[in-house]
Amino acid sequence: MSEGYRETGLAVMIGLICAGVAYGAGLPLPWMLGPMIGNTVAAMMRLPIRGPDRLRPFVIPVIGVMLGSGVSAEMIGLLGSWVMTLAILPVFLGTAAGLSFLVYRYLGKYDSVTAFYAAMPGGLNEMLILGGAAGGSERKIALAHASRILIVIIFVAIFFGLVLGVSSGGQGATTWVGLQVPSLQDYIILGVCAVAGFWLGRKAGLPAAPVFGPMILSGIAHIAGWVVVAPPSVFVIAAQITMGTIIGTRFVGATVTEIRRDLGLAILASSAMLVVAIMFAEIIAISGHIPLSQAFLAYSPGGLTEMSLLTLALDQDVAYVSVMHIVRITLVIAIAPYVFKLLMPRR
């Protein structure tokens with residue numbers, strides 16, 4: 001047990017140091033990218049690290065509350081402008097997943113089951129469970145999705161900084177909220193949103209319940225005016241460091257050869273997905289309803305929690321982007337097994 005704590009402590013320490021270095025270097029989204037890159041390198045160097053996965057159940061609901069704080073009554077009037085994004089989302093998913101499948105199946109020489117579930121732009125845990133049950137290689141599927149999330153976040157942060165000229169401003173939020181800003185009543189309401197949202201989300205069977213449940217309750221609380229402040233910014237930074245550290249440590253146990261090969265395939269597959277995402281985002285932007293930056297974030301195939309944090313850090317429309325990623329993951333989880341049976345009936 002003490003060894004596990006030492007390994008987790010080392011990973012967190014690497015995350016904190018790399019976050020500080022990334023911040024000092026002016027790297028986009030430093031609090032997430034720094035720990036992510038640092039722990040990925042540490043995993044490749046075979047250092048004894050372990051992700052702080054026990055913090056995840058506490059961090060995720062807090063992130064949901066943060067995301068909900070970005071929801072306002074004015075956004076309800078914008079729901080009609082989201083229809084176009086939702087309408088072509090299935091077409092985007094089919095195109096992106098198809099190109100990714102070709103990379104894993106014909107360049108990577110993965111078996112068809114592993115290639116299929118490695119290519120699906122859904123949640124890592126869900127695709128791992130479905131792929132394993134279908135007879136695919138769980139290790140390859142896990143590495144493919146961990147690599148996809150890593151690559152997408154790095155690319156999106158750099159794309160926003162260099163191409164679109166949008167920066168996270170270092171703090172991970174454009175407006176700093178100190179610990180003293182929320183009142184005791186605000187803390188109680190936000191805490192209830194986190195705990196009750198987590199429980200109700202699980203009971204209702206919501207997709208990504210630990211983040212979506214608290215996000216809904218927090219959004220309701222902010223729209224109703226029961227609370228008007230966001231959680232303190234230090235929580236945003238802590239969440240990003242935690243998630244970055246967890247993503248980086250997902251490569252623990254993999255050999256350098258495995259990481260090099262799977263990372264190379266993931267770069268090709270993720271690049272294909274991102275090119276498709278930019279094309280579809282352009283279609284949305286041309287329609288005149290949604291800015292290119294937000295449409296691109298909505299279609300970028302990263303993890304829900306990671307992309308929502310990235311959206312928050314870049315001061316974009318959190319509600320719009322989060323809802324699109326929730327719909328994306330839900331569609332993939334619901335449809336992937338049926339598409340798999342349709343395309344590969346003999347399996």
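Annotations for the structure displayed:
- Taking the helices alone, the chain has a mean residue ellipticity at 222 nm of -23500 deg cm²/dmol, built from -39,500 (n - 2.57) per DSSP H run of at least 4 residues and averaged over all its residues.
- Residue (of 176, 134, 265) at the positive-pole extreme of the chain, dipole from beta-carbon charges: 134
- For region 190-245, fraction of C-alpha pairs farther apart than 20 Å, in %: 31
- Kyte-Doolittle mean at least 0.5, axial Cα span of 27 Å or more - DSSP H helices of the chain: 2-24, 83-102, 138-162, 184-204, 256-286, 318-343
- Protection proxy ranking for 250-258, 307-315, 215-223, 329-337, using the average of other Cβ atoms within 10 Å per residue and placing the highest first: 307-315, 215-223, 329-337, 250-258.
- Pairwise label distance in nanometres, residue 335 with residue 54, each label 7 Å out on the Cα-Cβ vector: 4.1
- For the chain, taking the reciprocal of the average inverse distance between every pair of different Cα atoms yields a Kirkwood hydrodynamic radius of 20.4 Å.
- Options 297, 340, 279, ranked by Cα towards positive dipole end of region 254-347, top entry (Cβ charges): 340
- Taking the Cα centre of the chain as reference, the dipole from Cβ charges on Lys and Arg (+1) and Asp and Glu (-1) amounts to some 1060 debye.
- Region 231-311 - Debye-derived log10 I(q)/I(0), Cα point model, q = 0.14, 0.23, 0.25, 0.26 Å⁻¹: -0.67, -1.07, -1.11, -1.14
Any read-out appearing in this document is the output of simple, stated calculations on the displayed coordinates, not a laboratory observation. Quick caveat: nothing in here was measured; it's all calculated off a predicted structure. Neighbour counts run over all protein chains shown; Cβ positions are idealised from the backbone, glycine included.
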